[in-house]
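Below you'll find the structure, written out as structure tokens, and then a few comments.
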């Protein structure tokens with residue numbers, strides 16, 4: 001078959017994911033990027049930035065849950081959380097489900113992403129007026145360089161792909177600033193692209209985190225059908241201590257609902273298939 | 001972006017996966033179906049049947065390993081194995097890696113699929129002359145109806161999508177014939193499509209297996225980036241006993257190489273996310 005013009009197409013490495021659209025309902029050039037929203041045939045609304053899929057109404061729950069809950073249930077007492085990027089507020093909503101969290105700062109470059117999300121993804125923005133939230137619309141790199149040392153427990157890097165401006169959010173210098181802002185035992189968790197299309201990139205993220213001084217690093221994966229390859233990952237790095245399990249009992253009796261994450265999913269998502277183990281073994285050998 | 005004519009496109013439910021092609025290298029109308037092979041930009045060769053992706057050189061290993069090894073390492077002593085479909089011989093190759101297996105019968109409707117695979121996917125056919133293999137080119141439904149009762153340990157249903165002729169391979173009557181052919185403790189394992197696009201179909205497969213008399217049923221999932229949604233599943237049903245773990249020690253010291261499967265992956269792939277647990281809970285309530 002051929003795809004007519006009623007499809008949004010994203011191509012990476014000889015593989016394309018396409019989503020059938022009914023209509024474009026928003027089109028805006030902000031100060032930073034091209035923001036578009038489509039009404040799709042089967043996935044609700046679709047938000048794209050500079051032509052890359054950010055999220056759809058139907059399947060964003062997996063990404064947002066998996067960027068939030070594994071890190072938060074790994075930390076022993078996550079009180080202060082910072083989200084960099086994530087202007088759609090889906091990660092913010094998941095983070096705020098944790099009663100231990102006392103304060104969340106969302107540092108998003110482009111306020112327009114949040115305003116557009118409030119209109120088309122109100123379900124993701126339902127907790128935006130929670131008194132624990134502070135919005136800071138500005139540069140995440142600058143924010144992190146100037147933030148108080150040892151003041152944060154979990155930093156979630158809910159960024160776009162590592163191209164253009166966002167590339168610096170994947171650099172050793174930025175991770176060093178993140179680790180500086182974390183308390184000991186703190187965790188920085190970054191979206192880290194597709195295990196099958198971007199394995200070298202994941203290795204580079206892990207190397208950069210190690211170079212920045214992280215004590216321990218873990219990559220987990222999950223399905224995400226509207227992202228290239230349908231398989232996605234996040235990578236967690238910890239300051240000053242190793243990853244030694246997670247708060248499994250708390251995850252089992254969590255006080256909130258999820259649609260993908262649960263305590264068993266937490267353990268399972270950390271298991272690496274053979275080819276990823278192999279790739280990360282080489283990486284460690286490179287260090288010795 | 002738009003996709004030009006140099007892309008193979010498969011669409012399911014408002015989502016499309018496309019693979020960039022360099023050339024069509026085989027095009028044949030067999031007695032049963034339209035067989036095409038493409039040379040792709042980044043995924044090696046691509047085999048399609050009636051316009052649906054069967055496999056690519058690059059990522060078929062995940063599907064073939066996950067259809068084979070979880071079932072074979074769950075059975076206590078898999079001596080006799082039957083594969084229905086699977087004419088590309090990728091599942092056959094994985095099954096033959098198990099030294100316990102004494103005999104494998106591959107029942108494929110269309111001999112041309114095997115002949116074409118021998119040409120374009122020789123790596124999948126490398127074990128075809130193993131003395132333990134018997135090829136039977138004919139109808140799997142008829143074969144199963146006529147096979148000797150209690151003569152087989154594992155049946156792998158490596159089928160196309162449940163449309164047209166293949167729909168009968170997802171029916172209670174066919175599963176009943178499979179269970180009849182299995183010894184007590186035997187396992188029938190079926191490819192069961194995408195958890196996010198075809199959840200109702202997976203529920204129907206599970207219901208049909210239960211209706212056919214299976215004692216226990218389990219669905220597992222894995223990434224498969226060239227199949228619709230990039231996320232796929234297989235469903236296992238057992239005759240006369242429940243699923244109570246697997247031969248974990250044997251899987252840990254397996255005598256052969258894999259690229260996706262390992263003992264920890266085995267345990268992890270069985271973990272169901274919340275929305276699938278929810279769907280299968282309803283199913284059980286429907287039974288009471």
For this session: Report, in degrees rounded to the nearest 10, the 0 to 90 angle that the Cα long axis of helix A:172-181 makes with the longest principal axis of chain A.
Result: 60 degrees
Problem set entry | In degrees, nearest ten, helix B:274-287 long axis to first principal axis of chain B (Cα) | 50 degrees
Seminar exercise, completed: Connecting every pair of Cα atoms under 10 Å apart in chain A and solving the GNM, the largest mean-square fluctuation among A:253, A:132, A:183 falls on A:253
Exercise. Dimensions of the stretch B:7-56 along principal axes (Cα, Å, largest first)?
Worked result: 30, 25, 14
Exercise. What are the nm distances, shortest first, from residue A:150 to its equivalents in the other copies, labels at 7 Å along Cα→Cβ?
Worked result: 7.2
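Over all residues in A:123-130, what is the mean tally of Cβ atoms on other chains that come within 10 Å of each residue's Cβ?
Numbers: counts 0, 0, 0, 0, 0, 0, 0, 0.
What the average comes to for A:123-130 is 0.
Report relative contact order for the stretch B:84-181 in percent, whole number only (criteria: Cα-Cα under 8 Å, sequence separation at least 6).
On the way: 125 pairs, mean separation 31.2, N = 98.
About 32 percent, as a whole number.
So what is the orientation-averaged projected area of the stretch B:225-283, using the convex hull of its C-alpha atoms, in nm²? Don't skip to the end; give the middle numbers.
Numbers: hull surface 24.3 nm².
Taking the Cα atoms of the stretch B:225-283, their convex hull projects to 6.1 nm² on average.
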Exercise. Can you list, shortest first in nanometers, how far residue A:23 lies from the same residue in the other copies, with each label 7 Å from Cα toward Cβ?
Worked result: 4.7
Problem set entry | Counting DSSP beta bridges with both ends in chain B, the antiparallel % (nearest 5) | 65 percent
Seminar exercise, completed: Semi-axes a, b, c in Å (a largest) for chain B, each sqrt of 5 times a Cα gyration tensor eigenvalue, come to 28, 22, 19
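Using the Kirkwood radius built from alpha carbon pairs, what does the Stokes-Einstein equation give as D for the protein assembly as shown at 10 °C and 1.306 mPa s, in µm² per second?
My calculation gives 64 µm²/s for D.
Sorted by average packing, counted as other Cβ atoms within 10 angstrom per residue and highest first, what order do A:162-175, B:18-31, A:222-235 take? Show your work: numbers first, answer last.
Numbers: A:162-175: 16.9, B:18-31: 14.5, A:222-235: 25.4.
For the peptides A:162-175, B:18-31, A:222-235, the packing ranking is A:222-235, A:162-175, B:18-31.
Can you sort A:178, A:125 from fewest to most other Cβ atoms within 10 Å of each residue's own Cβ? Display every interim value, and only then the final one.
Working: A:178 28, A:125 19.
If I rank by nearby Cβ atoms, fewest first, I get A:125, A:178.
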Problem set entry | Average beta carbon contacts from partner chains per residue of B:257-270, 10 Å cutoff | 4
Exercise. Which order do A:37, A:9, B:84, A:81 fall in if you start with the one that has the fewest other Cβ atoms within 10 Å?
Worked result: A:9, A:37, B:84, A:81
For this session: Please report the Cα spread of the stretch A:153-288 along all three principal axes, rounded to whole Å, starting with the longest.
Result: 38, 35, 31
For this session: Considering only chain A, pick the residue with its Cβ nearest the axis of the rotation onto chain B, and state the distance in whole Å.
Result: A:230, 1
Exercise. Relative to a virtual label point 7 Å from the Cα of residue A:215 in the Cα→beta-carbon direction, which members of the stretch A:186-205 show backbone nitrogen distances below 20 Å?
Worked result: A:186-190
Problem set entry | Shape of the stretch B:90-183, Cα gyration tensor, a/c cut at 1.5 | oblate
Exercise. How far is it, in nm, from the label point at residue B:142 to the one at residue B:250 when both lie 7 Å from their Cα along the line to the Cβ?
Worked result: 3.5 nm
Problem set entry | Calculated label separations, residue B:243, copies of the chain, 7 Å along the beta-carbon direction, nm | 2.5
Exercise. Can you sort B:12, B:188 by how many other beta carbons sit within 10 Å, fewest first?
Worked result: B:12, B:188
Exercise. What residue among B:158, B:50, B:110 shows peak mean-square fluctuation when chain B is described by a Gaussian network model with Cα springs under 10 Å?
Worked result: B:50
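For chain B, what is the mean residue ellipticity at 222 nm derived from helices alone (per DSSP H run of n ≥ 4: -39500 (n - 2.57); sum divided by total residues; nearest 500 deg cm²/dmol)? Mind showing how you got there, number by number?
Numbers: 9 runs with 88 residues, N = 288.
Taking each H run of at least 4 residues, the total per residue is -9000 deg cm²/dmol.
Averaged over peptide A:40-46, how many Cβ atoms belonging to another chain are found within 10 Å of each residue's Cβ? Intermediate values should be presented prior to the final figure.
Numbers: counts 2, 3, 5, 3, 0, 0, 0.
Mean shielding count: 2.
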Seminar exercise, completed: Between the alpha carbon centres of the stretch A:26-58 and the stretch B:235-251 the gap in Å comes to 44 Å
For this session: Could you work out how far the C-alpha centroid of the stretch B:67-105 sits from that of the stretch B:140-208, in angstrom?
Result: 15 Å
Exercise. Using a Gaussian network for chain B with springs between C-alpha atoms less than 10 Å apart, which of these wobbles most: B:185, B:240, B:140?
Worked result: B:240
For this session: In Å and from the alpha-carbon atoms only, list the Rg and Dmax of the stretch A:126-168.
Result: 12.7, 34
Problem set entry | Global geometry of the stretch A:9-135, whether rounded, prolate or oblate, following the gyration tensor of its Cα atoms and the 1.5 cut on a/c | prolate
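Rule-based calculations on the coordinates, nothing more; no lab input. Note that the coordinates shown come from a computational prediction; the quantities given were computed from them, not determined experimentally. Note: ideal-geometry Cβ built from the backbone for every residue, glycine included; neighbour counts use all protein chains shown.
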